[in-house]
Amino acid sequence: QVQLVESGGGLVQAGGSLRLSCAASGRTFSMYGGWFRQAPGKEREFVAAISWGGDTTYYADSVKGRFTISRDNAKNMVYLQMNNLKPEDTAVYYCAASYSSRGIGRADGMGYWGKGTLVTVSS
C-alpha cells in the first residue's frame, strides 16, 4: 500500500512561483511519480512525471519551460517547482504514483493518488 500527501499549495499572483511537495510512504521503491491537476468543470489532466532514478522526466506542453519535477528518494519526496504561474494554472494539484511507465501521462495509468492541494493564481 502506498500513501501520498501533497502540500505547498496556496494563492499566488500571476508571474509568481510555488513549490509543491508530495510525501510518499509505503512500498514506494521503483515507483514513477507524477503530478496531475483538475480545474473546476474540467477533467483531470497530466502535468509532469518522473522516473524512479530521476533521469527521465515528462511534461505537458502547457507547462514545459515553467515547471520542473524532481524527487528525493532518500526522503520519499516528489516536488513540483512552478515558475511564471498563470491564471490558467489554477487547479487542484494531485500527486500520483505508479509502478509502471505504461500510461504515465494518463490519469487511469496511475494507481495511487493523494487528496490534492489547491493552487490559485490571481491575475
Once phi is turned into θ = phi - 60°, what whole-Hz ³J(HN,Hα) does the Karplus curve with 6.51, -1.76 and 1.60 give for every residue of segment 43-59, x standing for Gly and Pro? 6, 5, 10, 5, 10, 7, 8, 8, 6, 4, x, x, 8, 10, 10, 9, 9
Amide H to amide H under 5 Å from F67: which residues, 5+ apart in sequence or cross-chain, H placed 1.01 Å off N in plane? N83
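Over segment 70-123, consider all pairs of different Cα atoms and compute the Kirkwood hydrodynamic radius from their mean reciprocal separation; express it in Å, one decimal. Don't skip to the end; give the middle numbers.
Numbers: mean 1/r = 0.0772 Å⁻¹.
Taking every pair of different Cα atoms in segment 70-123, averaging 1/r and inverting gives 13.0 Å.
When the accessible area of the chain is computed with all protein chains present and a 1.4 Å probe, what percentage of it is carbon and sulfur?
On the way: 3050 of 6400 Å².
After summing per-atom areas, the C and S share lands at 48 percent.
What is the sum of charges around R37, taking Lys and Arg as +1, Asp and Glu as -1, for the other residues whose C-beta is under 12 Å from the C-beta of R37? Walk me through the numbers on the way to the answer.
Working: positive: K42, R44; negative: E6, E43, E45, E88, D89.
Value of the local net charge: -3.
How big is the equivalent ellipsoid of segment 24-78 along its three axes, where each semi-axis is √(5λ) from the Cα gyration tensor, reported in whole Å from largest to smallest? All intermediate terms of the calculation are to be shown ahead of the outcome.
Details: eigenvalues 99, 39, 14 Å².
Value: 22, 14, 8 Å, ordered largest first.
Over the chain, what is the mean sequence separation of C-alpha contacts under 8 Å (at least six apart), divided by residue count, expressed as relative contact order in percent? Mind dumping the intermediate values first?
Values: 306 pairs, mean separation 43.6, N = 123.
The value is 35 percent.
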Can you work out the Karplus-derived ³J(HN,Hα) for every residue in segment 15-26? Use 6.51 cos²θ - 1.76 cosθ + 1.60 with θ = phi - 60°, whole Hz, and x for glycine or proline. x, x, 10, 9, 10, 8, 10, 10, 9, 10, 9, x
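For the chain, what is the accessible area per residue in Å², given a 1.4 Å probe and the full set of protein chains?
Heavy-atom accessible area per residue stands at 52 Å².
Arrange the peptides 102-108, 6-12 so that the one whose residues have, on average, the most other Cβ atoms within 10 Å appears first. Before the final figure, lay out each step's value.
Details: 102-108: 13.3, 6-12: 15.6.
The packing order, highest mean first, is 6-12, 102-108.
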As a test, work out the antiparallel percent of DSSP beta bridges whose residues both lie in the chain, rounded to the nearest 5. 90
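The values are calculated or read from the model by the stated rules, or taken from the named source; none is laboratory data. Remember, it's a predicted structure, so these values are computed and weren't measured experimentally. Positions of Cβ are generated from backbone atoms using ideal geometry, with glycine treated the same way; all protein chains shown enter the neighbour counts. Side chains are part of the model used for accessible areas, which takes the heavy atoms of the whole protein and leaves out ligands, DNA and RNA. Shrake-Rupley method; radii C 1.70, N 1.55, O 1.52, S 1.80 Å.
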